[in-house]
Amino acid sequence: MFSRPCRLGNSALVRLAGLCVLIGVGLATAGGDADLMERLAGERFGTSGTASVRAWRQMIADALPLDDLEKLQRTNTFFNRRIRFDDDAAIWEEADYWATPLETLGREAGDCEDFSIAKYMSLRLLGIPADKLRLIYVRAQLGGAQNGLSQAHMVVGFYPSPHAEPLVLDNLIGEVRPAGRRPDLLPIFSFNSAGLWIGGATASSADPTTRLSRWRSVLVRMQQEGLQ
Amino acid sequence: MSLIKQLWIAIAIVMSLSLGGSLVVSTLSARHYLEQQLQVKNLDNATSLALALSQLPKDPVTVELQVAAQFDAGHYRLIRLTGPSGDVVIEREYAGPRNGAPDWFSRLIPIEARPGVAQVQDGWHQFGTLTLESHKRYAYDALWVGTKQLLLWFGLGGALTGLIGTLIIKHITRPLRQVVEQAEAIGERRFVTTPEPGTMEFRRLVRAMNTLSERVRTMLADESRRLEQLRRQTQHDDITGLLNRDQFMNRLDSVLARDDARSAGTLLIARLGDLAALNQHLGRETTNRLLRDIAAQYAAFAVPHGDWEAGRIGSSDFALLAPGQRDPAAIASELAQRLDTALNVTAEGRGIRLPLAAGAFAAGESRSSLLARVDSALAVAERAGERAIEIATESTTALPFPDPQAWRTALTESLERNDIRLARFPVLGPDGTLLHYEAPMRLMLDGTWQSAGYFMPWVARLGLAARFDAAVARLAMRETATSATPLGINISAESLADASFRSELFTLLQGNPAAAQRLWIEVPEYGALLHQPEFRAFCLALRPFGCKLGIEHAGPRFARLNDLHELGLDYIKIDAALIHGIDSDASSQGFLRSLCTIAHSIGLLTIAEGVGTEAEKRALPAFGVDAMTGPTIEAPQPLQASPAPGAVRL
């Protein structure tokens, strides 16, 4: 649906080392204060923001009783349709900005990380355990497998079982497909929250290392916005 | 507990609280920092190893080499790779001993850094989960060394602060110590002033104390002045300012009854011829001026000697009482010469008749006998010429030793034989309680016990006073050491000025502090006046021993003692001359009352000497006298040792 790939920040992969392990901080127990999110969206982004969040809530509520595959499809479709792809520079006037789901919904725009984060968080809210989910850095082959043009990109992977092939949620191709049917994507590295923080310790905004990490700051902001 | 000690404890508590608190805080924050660093290192290293593994071929040898290389080259406690279903693929664990920081320290302040976890990918498939844990040994070591250093610095800082604090406290409380000393001095009725310190509270305190001290001092000075005024009014002749007849006779009685070195002396009387004719001839004004000129010579002659007295004992009779002076001819000619010089300045003076007679007296002679002898000599002089001098015949009392050398031999022999004892005369309060026994010396001379008045004039004249006083002090210390009865001893004026005697006395008192407490040491008023600096030093030196210190034969000159209130005296014995006839003499009563008031205001007990009649004894307490001694004062119970035979007392 979206013809342009996501462009990761220059040093995104390097920074990833510090970030990937932090993902579990806010996500170990998914849940949230949707009313707070809705109110904040209204305050920050006006009626369109409120409408987006309301639609997102409706989608979550509708998908909750469905099976895993349908949850994936609903979520993927919701964001791919609702959110317009754009560069961070155009949306946030920053070279590389990781937006929270609320911000993505409020602006109704985002780049590949914003899509992936929003999908990941929605799936967590829908009750899919973290160890079945991965945020995966991939090299995307543009314009077909034979074309030399490639781009850094991020997708969400779903592993029905530990040894299985993952299902890929992407914004380049709107359909949820098994990894085998995505020859245009070459996986580089993945991260998730499984087994990271035993005991459920949570990140705190008072921890000075939090601010060093783009991903962790997203998590903290999410928490402040009512998404845990 | 002293203030300084309490301040010290307060400082110590505050210091250990603050230093201990900051030690705990900095150790904990160091631990927190180390934990964060370790954790970031765990996470970052796990991620980079997982990233590297994800890119490499996944054959077991490559994976194991990769993990082993990371483990062996780095500082890790554990690196473990588990498969997607939880089975351990490879594990490296450090099993070596953990040294450095002691175990108790690691247990007390545990460093808890969570292991780093990252996912290893094999294409789209999961390959495993990597768990990585850094070794904490170096963190414990760093924390341990840091804590030790901190402790050392805090220890040094604490010691330094304590040192500086002590100095500051000392500096701050120095004025406090002075104030305490001043307060104690006021408690002892010494009115000293202290320089004002810088600290505001202390300055106000010191100022208040100084004001108090000064006010009391001024009050006492006023009172002394008033006393002196009163005394002059009642005891002195209006025109000449010399003692009047009554007072002079009282002094004479008192001297004759004395039991010390000054009980012998000379009485000298000059008689202005035909006063009535002079009055008529020259007029009252000129006559009075003449009288005053004569009186001035008498006074000038007497004053340097301390206890010499000049009096106008009749309208035309001028008398001089010179205790301790045994050569009547010498002072008669000296006084006559001074009178001549003074009178011959004016024509009226040159014309007047002023015959003079002098007579020596010794202890025990009655006043009437002495006056009779001098009177008859004066009659001879009157017949002999205008300015004739006549020496009265010696008293009929036979002298046991013909010359000074014989006296010296006899006295030193008796002293060396230790033929001395102490008499006992009680000093009682109005209700009969015993203050102490006066213990004058008795000496065996020629087989009889002689009273001090008999031999002391010779002792003084021969310069033996210090030796005799020392003997008395030794004996008194021996007696107070074995009995609980307090004893009073006299120190003569000559001994007061004798350094070797003073040091011997101090040694004696130091030897038995308990016995020294029961010793009442008194110095005659004239001695204290003559040797004021020595007396002052003597008083200050004696104070620590706890013995009582007093002035005997205190009289009109008492108030002349400088800084009396600073000396720390305990009592005064008021001269018999003041006590005599106190029941009927209104002028003396007023004076005595004021004297007692002054004495009480500076914390002195007042003791009346020579109480001779029941009437005096009954009257005295009303004037503020605290205790009495004299012929009518008897011991409450029979004495163990009866007084020496022949002892003569007031």
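The values are calculated or read from the model by the stated rules, or taken from the named source; none is laboratory data. Computed from a prediction, not measured in an experiment: that's the story for all the values here. As a convention, Cβ positions derive from the backbone with ideal geometry for all residues, glycine included, and neighbour counts pool all protein chains shown. Note: accessible area is taken over every heavy atom of the protein model, side chains too, but ligands, DNA and RNA are not part of it. Shrake-Rupley method; radii C 1.70, N 1.55, O 1.52, S 1.80 Å.
Brief remarks on what is shown
- Heavy-atom accessible area order for B:T597, A:T75, largest first, 1.4 Å probe: B:T597, A:T75
- For chain B, adding -39500 (n - 2.57) for each run of n ≥ 4 DSSP H residues and dividing by the number of residues yields -17500 deg cm²/dmol at 222 nm.
- Remark on A:L133: its backbone amide H falls under 5 Å from those of A:Y159, a criterion applied only to residues 5 or more positions apart or on other chains, H modelled at 1.01 Å from N.
- Cα-based shape type of the range A:71-182, given that a ≥ b ≥ c are square roots of the gyration tensor eigenvalues and the cut on a/c is 1.5: oblate
- A simple rule links phi to the HN-Hα coupling: the Karplus curve 6.51 cos²θ - 1.76 cosθ + 1.60 with θ = phi - 60°, which for the range A:60-69 gives 4, 4, 5, 7, 4, x, 7, 7, 4, 4 Hz, with x for Gly and Pro.
- Share of carbon and sulfur in the accessible heavy-atom surface of the protein assembly as shown [1.4 Å probe, %]: 55 percent
- Near B:A541: Cβ cut-off under 13 Å, other residues only, Lys/Arg at +1 and Asp/Glu at -1. The net charge is +1.
- Accessible surface for chain B, divided over its residues, is 45 Å² per residue with a 1.4 Å probe.
- In sequence order, calculated HN-Hα J values of the range B:483-495 (Karplus, 6.51, -1.76, 1.60; Hz; x Gly/Pro): 9, 7, 6, x, 10, x, 10, 9, 10, 6, 4, 5, 5
- The accessible area of A:L227, taken with all protein chains in place and a 1.4 Å probe, comes to roughly 10 Å².
- For the range B:163-254, the set of trypsin sites (Lys or Arg not before Pro) satisfying both a DSSP loop assignment and a count of at most 14 other C-beta atoms within 10 Å is empty.
- Within-14-Å neighbourhood charge of A:L167 [Cβ basis; K, R +1; D, E -1]: +2
- Here r is the Cβ-Cβ distance between B:T482 and B:E614 and R0 is 41 Å; the resulting FRET efficiency, rounded to 0.05, is 0.70.
- Degrees, to the nearest 10: B:137-187 long Cα axis against longest axis of chain B: 10 degrees
- Amide N proximity, the range B:102-136 versus A:H163 label position 7 Å along Cα-to-Cβ, cut-off under 17 Å: B:121-129
- In the assembled protein chains, B:H75 presents an accessible area of approximately 120 Å² (probe radius 1.4 Å).
- The 1.4 Å probe gives accessible areas that order B:R31, A:R139, B:R262, largest first, as A:R139, B:R31, B:R262.
- Order of exposure, largest accessible area first, which applies to B:T129, A:T104 with probe 1.4 Å: B:T129, A:T104
- Remark: the B:M200-B:V303 segment gains 32.2 nm on full extension, using 0.36 nm per residue and subtracting the alpha carbon distance.
- Added length on full extension, which subtracts the Cα-Cα distance from 0.36 nm per residue, B:R289 to B:V14: 90.8 nm
- Principal-axis tilt of helix B:60-73 within chain B, Cα atoms, nearest 10 degrees: 20 degrees
- When nucleic acids and ligands are ignored and a 1.4 Å probe is applied, B:K148 ends up with an accessible area of around 100 Å².
- 0 to 90° range, to nearest 10: angle between helix B:465-482 axis and chain B longest Cα axis: 60 degrees
- Database remark: amide H of B:T448 closer than 5 angstrom to no amide H (H placed geometrically; neighbours at sequence offset of 5 or more, or on other chains; Pro and chain starts carry no H).
- The residues neighbouring B:E196, those whose beta-carbon lies less than 11 Å from its own, together hold a net charge of +3 under the Lys/Arg +1, Asp/Glu -1 convention.
- Distances between placed amide hydrogens fall under 5 Å for B:G488 paired with B:Y437, B:E438, B:A439, B:W520, all partners being 5 or more residues away or on another chain.
- When A and B come together, around 2200 square angstrom of accessible surface is lost from both chains combined, probe 1.4 Å.
- Residue-by-residue Karplus 3J(HN,Hα) for the range B:18-25, coefficients 6.51, -1.76, 1.60, Hz, glycine and proline x: 6, 5, x, x, 6, 5, 4, 4
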